[in-house]
Amino acid sequence: MDLQKHITSNFGLFLKSDCKYYKLFHTVNKSNLHTHDYFEIIFSPYQKITHLINGETQILPAGSIIFIRPDDYHDIANPNKTPMEIHFFAFTKKMFHEIFEFLSSNTVFPLFMQSRLSPHVVLTPVQVEHLIFQINQMAVNDTIMHDYQTIQIRCVLTYIFTTHFIKNYFDIQNKIPDWLVSVRTQMENIENFSMGVNRMAELSNFSQGHLSRMMQKYYGETTIDFINNLRLSYIADGLVNSNQSIISLSCNCGYNNLSWMYTLFKKKYGVSPAKFRKQYFKK
């Protein structure tokens, strides 16, 4: 079965619903990297999963839940060709924001949106069976009222986010080394983030490699991603609240390559710096 073709054709039913659920047995071995404009939860309860995401590979154990964001370039590989039971939840941007607004969890929102790799959690065997039980309780056949299906899927998604993703986030937060919290705080000053990764490693007294591993482990982003977000936020703020030129803002925060800054800025904000200023500049 062509996995993406099947999903795309069925999830076209978003015209009638904010969310869809499917269980598939994935056997395709060929790569089919793709992207889409909706969110997706992928759950592999019983088998190891190889996930290709934004140019990198995640090899995750059985019981993994993966969160896919709009525009993530990804695919599920199946090198063993053994049928894999995979559960898919697809839901619109509107529904995602409604869930997080309901949960009042804006503090963890960056965890889901800013990391290069897809956020994921690994369930214990007991947790796997509990989630499978909840999924099996959903009325996903065509004989049940459509609105009731949607409510059930929303409930399961909310359960996944609160019980697994958000809980995992706070568990990790409680374990973050004090030195790493301190370094991140210091890096928020322009005199530090303008100097880049070298400065962050210097403040931490660790190697760049160790620092990046710790950032990935506790915050789900690399040191480069972290610094780029600080720099781009500085530029965006300057575009809105000052008359400084784009070149000046770029150089001030450490970007010597204007073309590269434009590429990163458009990827983060969806428009060029000039268009961003035109839309949001405060006169």
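Please go through segment 250-283 and pick out each residue that is in a helix (DSSP H, G or I), aliphatic (A, V, I, L, M) and farther than 21 Å from Met200 by Cβ.
So in segment 250-283, the residues in a helix (DSSP H, G or I) come out as 250-252, 258-269, 273-280.
Still in the running and aliphatic (A, V, I, L, M): 258, 261, 264, 274.
Answer for segment 250-283, where residues must be in a helix (DSSP H, G or I), aliphatic (A, V, I, L, M) and farther than 21 Å from Met200 by Cβ: Leu258, Ala274.
Consider Lys175 carefully, then state whether it is free of Cβ contacts under 8 Å to residues at least 24 places away in the same chain and within 30 Å of Glu129 (Cβ to Cβ). Can you show your working first?
Working: free of Cβ contacts under 8 Å to residues at least 24 places away in the same chain: no; within 30 Å of Glu129 (Cβ to Cβ): yes.
So Lys175 does not fit the description; no.
Name the single residue, out of those in segment 62-74 being of a type in the set (A, V, I, L, M) and part of a strand (DSSP E or B), that is surrounded by the most Cβ atoms within 10 Å (Cβ to Cβ). Even if it seems obvious, please write down each step before you answer.
As a first pass, look at segment 62-74 and keep what is of a type in the set (A, V, I, L, M): 62, 65-66, 68.
Checking which are part of a strand (DSSP E or B) leaves us with 65-66, 68.
On the way: Ile65: 25, Ile66: 23, Ile68: 22.
Within segment 62-74, the match that is surrounded by the most Cβ atoms within 10 Å (Cβ to Cβ) is Ile65.
Condition check: modelled with pLDDT of 90 or more, charged (D, E, K, R), within 25 Å of Asp71 (Cβ to Cβ) and not assigned by TED's automatic domain parsing to the domain that holds Leu117. Does Arg231 satisfy that? Give the derivation first.
Working: modelled with pLDDT of 90 or more: yes; charged (D, E, K, R): yes; within 25 Å of Asp71 (Cβ to Cβ): yes; not assigned by TED's automatic domain parsing to the domain that holds Leu117: yes.
Yes, satisfied.
Within segment 194-214, track down each residue that is out of contact with any Gly (no Cβ under 7 Å at 6 or more places or on another chain) and either in the same structural domain as Phe161 (by TED's automatic domain parsing) or within 19 Å of Asn252 (Cα to Cα) (or both). Write out each step before concluding.
At the first step, the residues of segment 194-214 found to be out of contact with any Gly (no Cβ under 7 Å at 6 or more places or on another chain) are 197-214.
Matches in segment 194-214: Val197, Asn198, Arg199, Met200.
Would you mind telling me which numbered condition in (1) more than 21 Å from Leu131 (Cβ to Cβ); (2) at pLDDT below 85; (3) out of contact with any Lys or Arg (no Cβ under 9 Å at 6 or more places or on another chain) His74 fails?
Condition (2) is where His74 drops out.
What is the number of the single condition among (1) modelled with pLDDT of 75 or more; (2) charged (D, E, K, R); (3) within 30 Å of Ile151 (Cα to Cα) that Glu56 does not meet?
(3)
Out of Ser204, Ser212, Ser248, which single residue is free of Cβ contacts under 8 Å to residues at least 60 places away in the same chain and surrounded by fewer than 16 Cβ atoms within 10 Å (Cβ to Cβ)? Give the derivation first.
On the way: Ser204 fails: surrounded by fewer than 16 Cβ atoms within 10 Å (Cβ to Cβ); Ser212 fails: surrounded by fewer than 16 Cβ atoms within 10 Å (Cβ to Cβ).
Of Ser204, Ser212, Ser248, the one residue that is free of Cβ contacts under 8 Å to residues at least 60 places away in the same chain and surrounded by fewer than 16 Cβ atoms within 10 Å (Cβ to Cβ) is Ser248.
Please find, among Lys275, Lys217, Lys167, Lys266, the residue that is assigned by TED's automatic domain parsing to the domain that holds Gln127, charged (D, E, K, R) and modelled with pLDDT under 95. Lay out the reasoning, then the answer.
Numbers: Lys275 fails: assigned by TED's automatic domain parsing to the domain that holds Gln127; Lys217 fails: assigned by TED's automatic domain parsing to the domain that holds Gln127; Lys266 fails: assigned by TED's automatic domain parsing to the domain that holds Gln127.
After ruling out the rest, the residue left standing is Lys167.
Residues in segment 34-61 that are in contact (Cβ under 8 Å) with a residue 60 or more places away in the chain and part of a loop (DSSP other than H, G, I, E, B): how many?
Residues of segment 34-61 in contact (Cβ under 8 Å) with a residue 60 or more places away in the chain: 41, 43, 45-46, 51, 53-54, 56, 58, 60-61.
Now restrict to residues that are part of a loop (DSSP other than H, G, I, E, B): 45-46, 54, 61.
Adding up the residues that qualify gives 4.
The values are calculated or read from the model by the stated rules, or taken from the named source; none is laboratory data. Note that this is a predicted model, so its numbers are computed, not measured. Neighbour counts run over all protein chains shown; Cβ positions are idealised from the backbone, glycine included.
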